[in-house]
1. What's log10 of I(q)/I(0) for the chain at q = 0.11, 0.16, 0.20 Å⁻¹, Debye sum over Cα points only, no solvent?
2. Just to confirm a number: summing +1 for Lys and Arg and -1 for Asp and Glu over residues other than residue 59 whose beta-carbon lies under 14 angstrom from that of residue 59, what do you get?
3. Mind putting a number on the dipole of the chain about its Cα centre? Charges go on the C-beta only, +1 for Lys and Arg and -1 for Asp and Glu, and I need it in Debye to the nearest 20.
4. For residue 32, what accessible surface area do you get with a 1.4 Å probe? Give it in Å², rounded to 10.
5. Helix-derived [θ] at 222 nm for the chain: sum -39500 (n - 2.57) over DSSP H runs of at least 4, divide by residue count, nearest 500?
6. Helix 4-22 sits at what angle to the longest principal axis of the chain, using alpha carbons and giving 0 to 90 degrees rounded to 10?
7. Averaged per residue, what accessible area in Å² does the range 3-88 show with a 1.4 Å probe, protein chains only?
8. Using +1 at the Cβ of each Lys and Arg and -1 at the Cβ of each Asp and Glu in the range 1-64, identify which of 43, 54, 16 lies farthest towards the dipole's positive end.
Amino acid sequence: MLSSKDFVQKAIDIVYEYANETFDKTDNVNFTKDNVYVVWCSYILGHVKALLSTTLPDGKYYEVTYNSSNDEIYFDAYVKVHNKKIKL
């Protein structure tokens, strides 16, 4: 079973590995684990969930969930499709 601290480090590792494999190398950016950051992390109903992003200009963000019951991690990658301001 992962501690919360170990989970956060594992989530950063997962995002770094994925982003490092998939980002456009022709952008000539220096990408390290320091370029991965946690936006939000919470313990929810037996799971630890974190939203992460990177400093890469690709608009991607990531969701990593740890299911402690099954000792499994789930990983999702997303791209922002649209952002619109709505006046209230």
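1. Per q value, in the given order, log10 I(q)/I(0) is -0.35, -0.67, -0.91.
2. With Lys, Arg at +1 and Asp, Glu at -1, the net is -1.
3. Its charge dipole is roughly 600 debye.
4. Only protein atoms counted, so the area is about 50 Å².
5. One gets -7500 deg cm²/dmol as the mean residue ellipticity at 222 nm.
6. 30 degrees
7. 71 Å²
8. Ranked along the dipole, the leading option is 43.
The values are calculated or read from the model by the stated rules, or taken from the named source; none is laboratory data. No experiment lies behind these values; they were computed from the predicted model shown. Don't worry about glycine lacking a Cβ; one is built from the backbone with ideal geometry, like all the others, and counts go over all protein chains shown. Note: accessible area is taken over every heavy atom of the protein model, side chains too, but ligands, DNA and RNA are not part of it. Shrake-Rupley method; radii C 1.70, N 1.55, O 1.52, S 1.80 Å.
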